[in-house]
Amino acid sequence: MLTGRFAPTPSGRLHLGNVLCAMLAYLSVRHEGGRFLLRIEDLDIPRCPRALSLQAIEDLQWFGFTWDEEPLWQSERTQVYQQHLDNLAKQGLIYPCFCTRAQLHASVAPNLGDTQFVYQRTCAKLTADEAARLAEKRAPAMRVRVPDEVLSFRDGLYGAQCENLARDCGDFILRRSDGLFGYQLAVVVDDALSGVTQVVRGRDILSATPRQIYLLRQLGYPVPEYIHIPLLMDADGRRLAKRDRDLDLTALSRRFTAPQLLGKLAFSAGLLPEERPATLEELIRDFDWAKVHRDDMRLTRSLTQQ
Ligand code: GLU
């Protein structure tokens, strides 16, 4: 059965970009009579206080979204992630990495712009004895080995994508040195165990998808359909951020009704020919991916004008 989900990271109040993502994921599966799930990605517990997660759930309910199972909380699932890490370790794919942030920056060649580096496999060359000695001094992160081959997939909106993980990404971290599991592992484990067949999310995560497909394959899980959606910009073309307090739902829900906001988002996305209030039921009925814009979407000025 077609199963979709919305998986917010509640490190701040939801903003309209999150709601747009929830809306498209929701309309896509409900239009086909499919299941919809909610997952709270609060892996990074210190940054994702419970109150913000509960607030996100309340916000989604205010819009009228419903989900077919109890929400999944990633903060409660570390054992499940550890089992999957062990599975990969048994396949010889995991190794401990003791590099500090400073060492990483000093030793690796910048590859993917300013913030991303391809790890040079320094710690993959350690002997078991060397690793054991280092482990007495500091806890390692756990990295997964990636193959030197091209991985391709088709995105529902952005079409054919391919990446060579070894060349473009490098061995990546599945568990940090502080014990927190990385997003890439948690997301694929949860999607697979929840039976998610369609992943709709922002195009900022498109570049992480080859890593996730690789993990799914190594774990023997099916690969879902991926549909990455354009980002929502403010009326001046800037990306929405958690700092835009006037666009968070505390402020917006005082000034607008849920159908008014859904109508504005649906209009920005291309689902309505004019800006007017709309209910989820109406949007479900008329939903069609063919109408959804591929370019980043701009919100109308009516949202920020008092
Ligand atoms: N938790 C991620 C976010 O809020 C989304 C993860 C996903 O949809 O795969 O950006």
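Here are some notes:
- Residue in the range 248-268 that is in contact (Cβ under 8 Å) with a residue 12 or more places away in the chain and either assigned to a strand (DSSP E or B) or within 16 Å of the ligand (Cβ to nearest atom) (or both) present: yes
- When the criteria are applied in full, Ile213 fails the requirement of being β-branched (Val, Ile, Thr), more than 13 Å from the chain's Cα centre (by Cα) and more than 14 Å from the ligand (Cβ to nearest atom).
- Residue check for Leu299: open to solvent by less than 20 Å² (accessible area, probe 1.4 Å), modelled with pLDDT under 85 and over 29 Å from Glu32 (Cβ atoms): no
- Taking each residue of the range 186-207 that is within 11 Å of the ligand (Cβ to nearest atom) and looking for partners that are part of a helix (DSSP H, G or I) and among the aromatic types (Phe, Trp, Tyr) with beta-carbon atoms closer than 8 Å, six or more apart or interchain, yields Ala186/Tyr81.
The values are calculated or read from the model by the stated rules, or taken from the named source; none is laboratory data. Quantities reported herein were computed from a predicted structural model and do not represent experimental measurements. Cβ coordinates were reconstructed from backbone atoms using ideal geometry, including for glycine residues, and neighbour counts include every protein chain displayed. Accessible surface is based on the protein model in full, side chains and every heavy atom, while ligands, DNA and RNA are left aside. Shrake-Rupley method; radii C 1.70, N 1.55, O 1.52, S 1.80 Å.
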